[in-house]
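Single-structure report; data block below.
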Amino acid sequence: MKIVIDGIETAASPGEMLLEVARRLGVRIPTLCYHEAFGGQGVCRLCLVEVTAGEVSRLVASCTYPVTGEIEVRTTTPEIERIRRHIIMLLHRRAPGSEFIQELYREYGCQENVPAPDPDERCIMCRLCVNACEAVGACAITAVDRGTDKRIDTPYGEASPDCIGCCACAEVCPTKAIGVSRAAGHYTIWNREFELERCAGCGRPFTSRPCQERIARLSGQELSGAQLCPECRKKQAGSRVALSMIP
Amino acid sequence: MAIEPQQAAAQRPMEQIVRRYPPEQRYLLAIMQDLQKEFNYLPREALGLTAAHVRVPLGKVYSMATFYKAFSLTPRGRVSLRACDGTACHIKRSQVIIDELRKCLGIQPGETTADGEFSLETVNCLGACAIAPVLVANHKVHAKVTAAAVREIIKSYGGRVDEPVGN
């Protein structure tokens, strides 16, 4: 079906999320809680756009708005900018420690914010990290407590035996709120320390043992012998292909 | 880690409660309610046993246990005082009640007195808005509570209350 985004006509399949259509078209809509791997969550509300169907116009979160009919979309109007600025002010009050939020705050020319309860806070509670942890099958971190006390943590705030040290949570975090402290040969995440295993090819440290075991289990293989880092694996596969092409 | 005989003995009643239910995720809440009722809080080992029984990661069980106000992760006192701070009670000045409880017991909401007698909590709504502000002491509902009534309630459960000066 045909839809119009900021005056540009494009085709979208029914049920496709509006944000994804806009991205495909190259229209920039700011997001925080959206990640390709998990789809829209509608948590941060930054991706707000104006949808007009017939006579009716309304504001929707484009990441969770499925296209079901012919619509006209505007991604920036004075109204949207005003509301978005307000959302950014709220996010900034919650997570003033995040450089990404600070940038948005400056970009949208926000007025002076009221003092934040925690000036170092970086988490906006979008739960992308919880989704990532669940997707790798660890479920080591979840939302703890409720209301204003809600936070992301491991059970009892201790090192979780379920954590495999994959750092997927830190990787997907849009505001870099999850700290990984690295030292020679090991690293610490969520209060748990992991030894770094070295690549059998280049000798560079690259991952943790529990991580290797999880990958092996997910891919239905047994973890045996020397492990190669992704780069050395690529090289190995490449040379295998090259050798097979020699007549 | 080897399990001490003492620890094993302590786990038995927990296991009995957990095993009353089939090992399915949908019984998670019911199991935790029974555990809370039996022990007056959710012991750490009990959460572990529950998670293993219904095959749900401990993180999710912990998340639920901290979400519902009906659960407590630390032992509650002999007398559990739950002051409603829902919208209706809040408008009817529940803060006065909570402040009085704080002052009389010397604890903050979520804490238990050092002698293990009283624990204080605030809850979001008890569904008894018509009789706001509401205070529940060990499942007994006290309606339209005043600061003076708070002192009487504490005394009726054997608590010592210093009478306010000048009254």
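Annotations for the structure displayed:
- Residue ID - nearest to A:T175 (Cα to Cα), chosen from residues in segment A:81-92 that are basic (K, R) and over 21 Å from the mean Cα position of the chain (by Cα): A:R85
- Residue check for B:G86: within 14 Å of chain A (Cβ to nearest Cβ) and either at pLDDT below 90 or over 27 Å from B:P43 (Cβ atoms) (or both): yes
- Candidate set: segment B:49-73, residues that are away from every other protein chain (no Cβ under 11 Å) and over 9 Å from the mean Cα position of the chain (by Cα); chosen: the one nearest to B:L126 (Cα to Cα): B:T50
- Criterion (of a type in the set (D, E, K, R) and in contact with a Gly (Cβ under 9 Å, 6 or more places away or on another chain)) met by exactly one of A:E20, A:E50, A:E55: A:E20
Yes or no, residue by residue, for (1) touching a helix residue (DSSP H, G or I) at 6+ places or on another chain (Cβ under 6 Å); (2) over 28 Å from B:V61 (Cα atoms):
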position	(1), (2)
A:T142	yes, no
A:A159	no, no
A:P174	no, no
A:A184	no, yes
A:G201	yes, yes
A:L218	no, no
A:C229	no, yes
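- Those strands (runs of 3 or more DSSP E) of segment A:23-126 in which 2 or more residues are outside the structural domain of A:R151 (by TED's automatic domain parsing) and exposed (fewer than 13 other Cβ atoms within 10 Å of the Cβ) occupy A:56-61.
- Selected residue (criterion: surrounded by the fewest Cβ atoms within 10 Å (Cβ to Cβ)) from residues of segment B:70-98 that are out of contact with any strand residue (DSSP E or B) (no Cβ under 9 Å at 6 or more places or on another chain) and touching a residue at least 24 places away in the same chain (Cβ under 8 Å): B:I91
- For segment A:144-159, the condition holds for at least one residue, the condition being that it is surrounded by fewer than 18 Cβ atoms within 10 Å (Cβ to Cβ), more than 8 Å from every other protein chain (Cβ to nearest Cβ) and β-branched (V, I, T).
- Scanning segment A:103-114 finds no residues that are within 14 Å of chain B (Cβ to nearest Cβ), touching a residue at least 40 places away in the same chain (Cβ under 8 Å) and hydrophobic (A, V, I, L, M, F, W, C).
- Segment A:210-237 residues that are in contact (Cβ under 8 Å) with a residue 24 or more places away in the chain, paired with ones that are in a loop (DSSP other than H, G, I, E, B) and β-branched (V, I, T) (beta carbon under 8 Å, 6 or more apart): A:P210/A:I164; A:C211/A:I164; A:E213/A:I164; A:R214/A:V136; A:R214/A:I164
- Some residue of segment A:135-146 being in contact with a strand residue (DSSP E or B) (Cβ under 7 Å, 6 or more places away or on another chain) and not in a strand (DSSP E or B): yes
- Among residues of segment A:11-34 that are at positive phi, those with a Cβ under 9 angstrom from a residue that is assigned to a loop (DSSP other than H, G, I, E, B) and surrounded by fewer than 17 Cβ atoms within 10 Å (Cβ to Cβ), sequence gap 6+ or separate chain, pair up as A:G15/A:T68.
- Restricting segment A:120-141 to residues that are more than 12 Å from chain B (Cβ to nearest Cβ) and closer than 18 Å to A:I87 by Cα, the residue that is farthest from the chain's Cα centre (by Cα): A:E121
The values are calculated or read from the model by the stated rules, or taken from the named source; none is laboratory data. Because the structure is a prediction, the values reported are computed rather than measured. Cβ atoms come from the backbone with ideal geometry, glycine included; neighbour counts cover every protein chain shown.
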